[in-house]
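Peer 1: The following block contains the structure, expressed as structure tokens.
The numbers here are math on the coordinates, done by the rules we state, and not lab data. Because the structure is predicted, anything quoted here is derived from the model rather than measured. Backbone-built Cβ (ideal geometry, glycine too); neighbour counts: all protein chains shown.
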Amino acid sequence: MQSQKTDETPQSRTRRLLIVEDDLETRTFLVMALGEIYEIVEAESAAEALIEVGRQRIDLFLVDIALRDEIDGVALVQILRQNGALQKTPMVAMTAHHMREDRQFYLDHGFTDFIAKPFYPQDLLNLIAGHLTNHLTSSDTL
């Protein structure tokens with residue numbers, strides 16, 4: 001995937017999301033729900049996600065927790081957070097296996113937020129928009 005031109009201002013540029021999801025059906029749903037608004041980059045595994053991070057700027061990560069990979073979603077985010085450029089980038093955990101205390105666990109392990117599957121597309125859109133707005137504001141003040 002090619003990156004867009006770099007002469008856009010931070011406020012006007014298209015925001016790029018990296019979806020890290022090993023289930024094709026879920027990934028397709030996410031692309032359909034988000035692709036009209038955001039530029040989408042897809043990764044089927046943590047290894048693919050790490051490659052994509054090296055190729056292009058990512059504004060927000062949506063990460064499945066239960067990746068069928070040697071590296072699960074929690075470990076992936078911990079690796080990503082070691083990159084200084086990604087310290088403040090929003091990273092949202094997605095999982096079908098959730099309990100009330102899971103949200104705090106994910107926050108404690110580097111995620112910015114958590115959404116439980118199944119979810120309504122509008123709930124996900126609202127969550128993403130809130131994080132991208134907050135991230136843009138905090139990035140502009142640094």
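Peer 1: Report the relative contact order of the chain, percent, no decimals, based on alpha-carbon pairs under 8 angstrom and at least 6 residues apart. Spell out each step's value before the answer.
Peer 2: On the way: 185 pairs, mean separation 28.5, N = 142.
Here the relative contact order equals 20 percent.
Peer 1: Could you compute Rg(Cα) / (2.2 N^0.38 Å) for the chain, with N its residue count? Kindly include the intermediate steps, with their values, before the conclusion.
Peer 2: Numbers: Rg = 14.2 Å, N = 142, 2.2 N^0.38 = 14.5 Å.
In units of the 2.2 N^0.38 Å rule of thumb, it is 0.98.
Peer 1: Still on this model: Counting only residues 5 or more places away or on other chains, whose amide H sits under 5 Å from the amide H of M91 once H atoms are built in the peptide plane?
Peer 2: Counting only residues 5 or more places away or on other chains, the set is F61, T112, D113.
Peer 1: Hey, another quick one. Mind checking the dipole of the chain: about its Cα centre, +1 per Lys or Arg Cβ, -1 per Asp or Glu Cβ, Debye to the nearest 20?
Peer 2: Details: 13 positive and 23 negative charges, 95 e Å.
Once rounded to the nearest 20, the dipole reads 460 debye.
Peer 1: Enumerate the amide H contacts of D22 below 5 Å, restricted to partners 5 or more residues apart or on another chain; note that Pro and chain-start residues carry no placed amide H.
Peer 2: Long-range HN contacts for D22: R68.
Peer 1: If you take the charge dipole of the chain about its Cα centre, with +1 on Lys and Arg Cβ and -1 on Asp and Glu Cβ, which of V20, A33, G54 is farthest toward its positive end?
Peer 2: G54
Peer 1: By counting other Cβ atoms within 10 Å of each Cβ, how are M91, M32 ranked from fewest to most? Don't skip to the answer; put the middle values down first.
Peer 2: Values: M91 25, M32 11.
So the ranking, lowest neighbour count to highest, is M32, M91.
Peer 1: Which helices of the chain meet both criteria: a Cα extent of 27 Å or more along the helical axis and a mean Kyte-Doolittle score no lower than -1.0, with helices taken as whole DSSP H segments? Before the final figure, lay out each step's value.
Peer 2: Details: long enough: 121-140 (28 Å, -0.18).
In the chain, the long hydrophobic H runs are 121-140.
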